[in-house]
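Participant: Pasting a structure here, questions to come.
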Amino acid sequence: MTEITLRIEAMGRRGEGAAHHAGRAVFVPGTLPGEQVRATGEGERLALMELEQASPERAAPFCPHYGRCGGCQLQHWQEEPYRAWKASLVAAALAGRGIETRVSEVIDAHGAGRRRVSLHVRRLDGTVTAGFMEPRSHALIDIGRCPILEPALAPAFDIGRALGTKLGDCDVAVTSTMTGLDVSVRAERKILAREHGHLAGFVSTLKLARLSVNGEVIATAAPPRLRLGKAEVALPPGGFLQATLLGEETLAQLVLDAVGKARHVADLFCGVGPFAFRLAERAKVDAFDNDRAAITALDAAVRTTPGLKPVTAETRDLFRAPLVPNEMKHTDAVVFDPPRAGAEAQARQLVRSGVKTVVAVSCDAGSFARDAAILVEGGYALKRVTAVDQFKWSSHVEIVAQFTR
């Protein structure tokens, strides 16, 4: 491979320095705008060989695995330009759809760290290892500690290695809850019934709240529970929740502010109810999600939580069957927080409805901008856009936007 000298011109949307060479765009991980570097490789993504001229914005990474681990991309960038770049990702996506607007300064929602982690467990040369893959690779880095996780998740990698001794190659998701660590394993092999007893022993020896393997609960010492507003909710095995506790609280407060004095709110793609329970302290809520286990958990918590306005919870695939205008005729505000694919079908129904306020929450700037354009073209005004950084030192950004008419 030939080494080339590049001047990094900008930061790409994946968190890699961008430059041009021989008439084409190339990207170099670990570099910053303004830097001169030597790089090598084939295709559009190159490898950094030498940093010839460093940017004054460069920072010293705090993790010993940084650069080899595929988890973080941007520990080498100082805080102020890094946050400005994250806001620019949202603004650029909207501008690409013809929407020019100011994105509020990025809110840092890292807090105490990420409260969930997914790691890979593999047996390599007779040794069980647990960690993350190298960037764009299947090479596994064995990790003892990850400094961006909540302190409660410090044992996660040892837990992964212990489970790997019995289960072999697997992926292990560990979530920090009020009642302890919830561990959900996706094993590459089928687990036999006679193995359950031995696996159940890990719950006590590893001090877990619950252990599930391939979707089946093996043993529970203490049902994993979350505090969502006034409610305590039982987390389903493998259930989704926001990456950090501060991230959840920040997004929820932005949603509450944007909904304002609405008396009847539809919470779409509601999950276990991080918004629904807080909204229900002041408004009637209709909650929808295609995850039956999440809806069951939400509904059960509604029944045991005093001081809420009426809440209905329904399992529904909003991609295939979005709410239609007639179903929203008594709704003052709609909140949607879809997966990365966005809420295109629902946005098209909203523009046909009489709903006055729409609050869009998104983890993907591209699908958010597409949905925003549908709403704006349909008569809504984009009033406010806020970027939230709970996936710190990565290229991911959360977005909360208010649309009114």
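Participant: Taking the chain as a Gaussian network, Cα atoms linked when under 10 Å apart, which of A276, A231, A19 shows the biggest mean-square fluctuation?
Facilitator: Result for the chain, Cα springs under 10 Å: A19 fluctuates most.
Participant: Please identify the longest segment of the chain free of exposed GluC sites (Glu not before Pro), where exposed means a DSSP state other than H, G, I, E or B and no more than 10 other Cβ atoms within 10 Å.
Facilitator: Answer from the scan: 101-405.
Participant: Here's another thing I want to ask about it. R136 to E50: extension gain in nm, 0.36 nm per residue of separation minus the Cα-Cα distance?
Facilitator: 29.0 nm is the gain from fully extending R136 to E50.
Participant: Could you list which residues have their amide H under 5 Å from that of E281, counting only those 5 or more apart in sequence or on another chain, with H placed in the peptide plane?
Facilitator: Counting only residues 5 or more places away or on other chains, the set is K309.
Participant: Taking the range 199-288, which trypsin sites (Lys or Arg not before Pro) meet the DSSP loop condition and have no more than 16 other C-beta atoms within 10 Å?
Facilitator: Taking the range 199-288 and a limit of 16 other Cβ atoms within 10 Å, the loop trypsin sites (Lys or Arg not before Pro) found are K207, K230, K261, R263, R282.
Participant: When the Cα centres of the range 340-394 and the range 184-199 are compared, how far apart do they sit, in Å?
Facilitator: Taking the Cα centre of each part, the range 340-394 and the range 184-199 sit 41 Å apart.
Participant: Right, something else. Once amide H atoms are placed 1.01 Å from N in the peptide plane, what residues at a sequence separation of 5 or more from H21, or on another chain, have their amide H within under 5 Å of its amide H?
Facilitator: Long-range HN contacts for H21: V26.
Participant: If you don't mind, another one. With each label point set 7 Å from Cα along the Cα-Cβ vector, what nm distance links E377 and H21?
Facilitator: About 3.9 nm, to one decimal.
Participant: Running a GNM on the chain with Cα contacts under 10 Å, which residue among V183, V90, V355 ends up with the highest mean-square fluctuation?
Facilitator: V355
Participant: Once phi is turned into ³J(HN,Hα) by the Karplus curve 6.51 cos²θ - 1.76 cosθ + 1.60 with θ = phi - 60°, what whole-Hz value does each residue of the range 398-405 show in order, with x for glycine and proline?
Facilitator: Going residue by residue, I get 8, 9, 10, 9, 10, 10, 9, 7 Hz, with x marking Gly and Pro.
Participant: Given a Förster distance of 35 angstrom, what is the FRET efficiency for E249 paired with L192, based on the Cβ-Cβ distance and rounded to 0.05?
Facilitator: 0.25
Participant: A further question on this structure: Apply the Karplus parameterisation 6.51 cos²θ - 1.76 cosθ + 1.60, with θ equal to phi minus 60°, to every residue of the range 102-119 and state each ³J(HN,Hα) to the nearest whole Hz, in sequence, with x for glycine and proline.
Facilitator: These are the phi-based 3J(HN,Hα) values: 8, 9, 4, 3, 4, 8, 7, 10, 5, x, 7, x, 6, 9, 9, 8, 10, 10 Hz.
Participant: Now for a separate question. Between beta-carbons, use under 10 Å as the cut-off and find the net charge around G378, counting Lys and Arg +1, Asp and Glu -1.
Facilitator: For residues surrounding G378, the net value is +2.
Participant: For E281 and T5, what does the FRET efficiency come to when R0 = 60 Å and r is the distance between their Cβ atoms, rounded to the nearest 0.05?
Facilitator: 0.50
Participant: Hey, what number do you get for the chain at 222 nm if only DSSP H runs of n ≥ 4 count, each worth -39500 (n - 2.57), divided across all residues, to the nearest 500?
Facilitator: Mean residue ellipticity at 222 nm (helix-derived): -7000 deg cm²/dmol.
Participant: In whole angstrom, note down how far apart the Cα centers of the range 246-311 and the range 123-174 are.
Facilitator: Measuring centre to centre over Cα atoms gives 34 Å.
Participant: Could you give me the ³J(HN,Hα) list for the range 197-205, computed from phi with Karplus coefficients 6.51, -1.76, 1.60 and θ = phi - 60°, whole Hz, x at Gly and Pro?
Facilitator: x, 5, 4, 4, x, 5, 4, 7, 5
Participant: Can you give the % of DSSP beta bridges in the chain that are antiparallel, to the nearest 5?
Facilitator: Approximately 70 percent, going by the DSSP bridge assignments.
Participant: If you don't mind, there's one more thing I want to ask. In the range 47-128, what trypsin sites (Lys or Arg not before Pro) fall in a loop by DSSP, with at most 12 other Cβ atoms inside 10 Å?
Facilitator: Loop-located and lightly packed - R102.
Participant: Whose amide H sits under 5 Å from the amide H of A313, counting only residues 5 or more places off or on another chain, with H placed in the peptide plane?
Facilitator: Residues meeting the amide H criterion: A287.
Participant: Given contacts defined as C-alpha pairs under 8 Å and at least six residues apart, what's the relative contact order of the chain, whole-number percent?
Facilitator: So the answer I get is 13 percent.
Participant: Count neighbours as other Cβ atoms within 10 Å of each site's Cβ, and list the chymotrypsin sites (Phe, Trp or Tyr not before Pro) in the range 267-372 that are DSSP loop with at most 14 such neighbours.
Facilitator: Qualifying residues, ordered by number: none.
Participant: Efficiency by 1/(1 + (r/R0)^6): what FRET value for T101 and L206, r their Cβ-Cβ distance, R0 = 60 Å, to the nearest 0.05?
Facilitator: Once the sixth-power term is evaluated, E becomes 0.80.
Participant: 7 Å from Cα along Cα→Cβ at both A221 and R348: what's the point-to-point distance in nm?
Facilitator: If labels sit at A221 and R348, their model points lie 5.0 nm apart.
The numbers here are math on the coordinates, done by the rules we state, and not lab data. All of these numbers come straight from a predicted model, not from anything done at the bench. Neighbour counts run over all protein chains shown; Cβ positions are idealised from the backbone, glycine included.
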